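Some notes on the structure that comes next.
The values are calculated or read from the model by the stated rules, or taken from the named source; none is laboratory data. Not measured: the values here are computed from a predicted model. Note that each Cβ is placed from the backbone with ideal geometry, even for glycine, and that neighbours are counted across all protein chains shown.
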Ligand code: SF4
């Protein structure tokens, strides 16, 4: 996984709550067997009209937000389906960090696995950052994971909380499966003890 | 210390505690489908890893599959590739797979319980948010993303932080014409779309005990629409009777040994929940959603709400956007809204009980002029049983299309989808913008309510028809 350390870039304001994963990447684009290439379908229903032309009023279709690396939204971002394609599509578009008052659980896990940093900040702070973002091309935000701060264009640093385990994994870009496989003896022991205690547990047999 | 059902299952599956305080949690059952697994198998292949326990894994194709005719295979090239990729992966990694032409094929959350693959006290995961369905059996079941699918395939475990617990107590009894789906929509309207975030819900109370297993599955299925990690119901005699004899369930002395363990799972007297919510099921009317979030359910006797009554400016804006998308006006009676399409199906409501309820309403009636009605069973076994009971004939005679099993118009990944502006009465679980097809408008309701909408051509209080 690609590590996340610090990022300075354009932030795009998406003033909506409950942005669900069907909006982030509609189901018809989930037919891929790859992880990459989904960026062009990001927010497809909001970004393009029925003929496939860009909607001028959608934020990511406007300069400088076409180059956004940070997205700022409202409550419960990423709710709905478990599709990791939502994180892949954001990443493929170039978004490395989403800032919102709250996030849905599965989306948060998926983001962490893909080096996409989610920063939860109170609504009023998100509103203030959106106002910053609306100042245009020079309004770049810095997100510094090591220091756990978002630095506004004014230079003011806003602190955020993050789970220490998640932070460490993001900073180092760790391969979680490799780490777990190193604990295989514990898994073996668990399985053996379980089999001895509850031999009735059935296997899948078709 | 008294423990909740959730804590008991959790404690029973902790393999190791990690330095960050998270647990390495053992996963008993891993259900796999074609949409969220290709990249996971590819990851295994690239790293030279194997599937640790194929015999704990069950794969099936459901999201992309045609429900009209499979004789000629899958016409749409990308859907075909996804199903073929699954078939290649299960062969290479020796994972049990229910083929498309097998009578047991169906929606993963319908066939898991039906085949006895998901059982009480288990941890069950799937790369699909509606894995919460299996919680109806008293299993800790939750959806995961593709990276986690790969993690489970490779290690049979997941790294998890414990959730908070939310007890939803449902008192009283459901009235005539009111079903588990109405209860689920009422619970959602109470909790809100993020009301369960970070929590595992345990449903309890008289109304829950009285539900059959299909109803319990509908209720647990929609836990994720409140943002909850999982929904749980303590296994009881109804559960045990339903499981006994299922193909993969333990048999004879093994079954009795299993039941003895399953009986110990119920939350202990005095166990502490982080939160509690209460609802009187006797007060719940047949429900229908008006907006583009599943928590916008209202009694069918209500009117479309006005943005002016919203609690704050942001929710007023959100409401306005929803009304605009849905093509509704404030104050319009819900029972006055005409529909173009009716969809009875999905992992929420495509079990035999759902088709019995729909057929009871449709019997001797006709689907209204200009309405297209689809009935899509959740599995081949449901389909076969519905045909044996004469339900398929009743629905077909009424003018429903009687389809092959799959997710179908729940999310429109196959050819079954709404056209822009079309309005659908749907027994599925999500009414998000474009969920059933770009520009499509979805009203969530129960199978009986869906059948009522089909025969009258508008959202209708089913109590007037039964
Ligand atoms: S029926 Fe719908 S909600 Fe259920 S698994 Fe299929 S697509 Fe998902």
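Points to keep in mind about this one:
- Here residue B:353 meets each of (1) within 16 Å of the ligand (Cβ to nearest atom); (2) within 23 Å of residue B:461 (Cβ to Cβ) with one exception, condition (1).
- Only one of A:12, A:44 that is in contact with a helix residue (DSSP H, G or I) (Cβ under 8 Å, 6 or more places away or on another chain) and farther than 26 Å from residue B:416 by Cα: A:12
- Qualifying positions in region B:43-60 - under 28 Å from residue B:404 (Cβ atoms), more than 7 Å from chain A (Cβ to nearest Cβ) and more than 16 Å from the ligand (Cβ to nearest atom): B:54
- Answer residue from region B:381-391, given it is touching a residue at least 12 places away in the same chain (Cβ under 8 Å) and in a helix (DSSP H, G or I) and is nearest to the ligand (Cβ to nearest atom) among those: B:382
- If the condition is being in a loop (DSSP other than H, G, I, E, B), within 16 Å of the chain's Cα centre (by Cα) and within 14 Å of another protein chain (Cβ to nearest Cβ), then region B:197-224 contributes no residue at all.
- From the list B:405, B:447, the one residue that fits, being within 16 Å of the ligand (Cβ to nearest atom) and over 23 Å from residue B:285 (Cα atoms), is B:405.
- Among the residues of region B:134-152, those that are under 25 Å from residue A:112 (Cα atoms) and either within 14 Å of the ligand (Cβ to nearest atom) or at the interface with another protein chain (Cβ under 9 Å from one of its Cβ atoms) (or both) comprise B:141, B:142, B:143, B:144, B:145, B:146, B:147, B:148, B:149, B:150, B:151.
- Test: residue in region B:82-95 that is within 23 Å of the chain's Cα centre (by Cα), closer than 30 Å to residue B:199 by Cβ, within 12 Å of chain A (Cβ to nearest Cβ) and crowded, with 20+ Cβ neighbours inside 10 Å: no
- Residues considered: A:184, A:157, A:192. Of these, the only one that is modelled with pLDDT of 95 or more, closer than 30 Å to residue B:90 by Cα, more than 8 Å from every other protein chain (Cβ to nearest Cβ) and surrounded by fewer than 17 Cβ atoms within 10 Å (Cβ to Cβ) is A:192.
- When region B:242-285 is filtered for residues that are assigned to a loop (DSSP other than H, G, I, E, B) and farther than 25 Å from residue B:166 by Cβ, the ones remaining, listed by number, are B:244, B:245, B:246, B:247, B:248, B:249, B:250, B:251.
- All of A:141, A:174 fail the test of being more than 12 Å from chain B (Cβ to nearest Cβ) and within 22 Å of the chain's Cα centre (by Cα), apart from A:141.
- Taking the criterion of being within 10 Å of chain A (Cβ to nearest Cβ) and either part of a loop (DSSP other than H, G, I, E, B) or buried (at least 24 other Cβ atoms within 10 Å of the Cβ) (or both), the residues of region B:61-81 that qualify are B:63, B:64, B:76.
- Any hit, region B:288-301, residues being at pLDDT 95 or above, on the phi > 0 side of the Ramachandran plot and assigned to a loop (DSSP other than H, G, I, E, B): no
- Checked against the criteria, residue B:40 does not count as within 28 Å of the chain's Cα centre (by Cα), within 16 Å of the ligand (Cβ to nearest atom) and in the same structural domain as residue B:137 (by TED's automatic domain parsing).
- Among residues of region A:119-138, those that are closer than 30 Å to residue B:40 by Cα and either surrounded by fewer than 23 Cβ atoms within 10 Å (Cβ to Cβ) or within 13 Å of another protein chain (Cβ to nearest Cβ) (or both), counted: 1
- Complete set of residues in region B:105-123 that are away from the ligand (no atom under 14 Å from the Cβ) and either outside the structural domain of residue B:11 (by TED's automatic domain parsing) or assigned to a strand (DSSP E or B) (or both): B:123
- Candidate set: region B:331-350, residues that are part of a loop (DSSP other than H, G, I, E, B) and more than 12 Å from the ligand (Cβ to nearest atom); chosen: the one surrounded by the fewest Cβ atoms within 10 Å (Cβ to Cβ): B:331
- The listed residues are B:226, B:234, B:214, B:204, and the only one of them that is within 16 Å of the ligand (Cβ to nearest atom) and touching a strand residue (DSSP E or B) at 6+ places or on another chain (Cβ under 9 Å) turns out to be B:226.
- Which listed residue, of A:42, A:71, is in contact with a strand residue (DSSP E or B) (Cβ under 6 Å, 6 or more places away or on another chain) and touching a residue at least 40 places away in the same chain (Cβ under 8 Å): A:71
- Checklist (1) more than 17 Å from the chain's Cα centre (by Cα); (2) within 16 Å of the ligand (Cβ to nearest atom) applied to residue B:377, failing item: (1)
- Residue B:98 being closer than 27 Å to residue B:373 by Cα, touching a strand residue (DSSP E or B) at 6+ places or on another chain (Cβ under 9 Å) and either free of Cβ contacts under 8 Å to residues at least 60 places away in the same chain or within 16 Å of the ligand (Cβ to nearest atom) (or both): no
- The one condition in (1) in contact with a strand residue (DSSP E or B) (Cβ under 9 Å, 6 or more places away or on another chain); (2) at pLDDT below 95 that residue B:56 fails to fulfil: (2)
- If the condition is being facing chain A (nearest Cβ under 9 Å) and within 16 Å of the ligand (Cβ to nearest atom), then region B:411-432 contributes B:411, B:412, B:413, B:417, B:430, B:432.
- Residue identified as away from chain A (no Cβ under 14 Å), away from the ligand (no atom under 13 Å from the Cβ), part of a helix (DSSP H, G or I) and buried (at least 16 other Cβ atoms within 10 Å of the Cβ) among B:361, B:367: B:361
- Test: residue in region B:7-27 that is surrounded by 22 or more Cβ atoms within 10 Å (Cβ to Cβ) and more than 12 Å from chain A (Cβ to nearest Cβ): yes
- All positions within region A:82-130 that are outside any helix (DSSP H, G or I), closer than 18 Å to residue A:16 by Cα and within 16 Å of the ligand (Cβ to nearest atom): A:104
- Test result for residue B:459, in contact with a strand residue (DSSP E or B) (Cβ under 6 Å, 6 or more places away or on another chain), in contact (Cβ under 8 Å) with a residue 24 or more places away in the chain and over 12 Å from residue B:355 (Cβ atoms): yes
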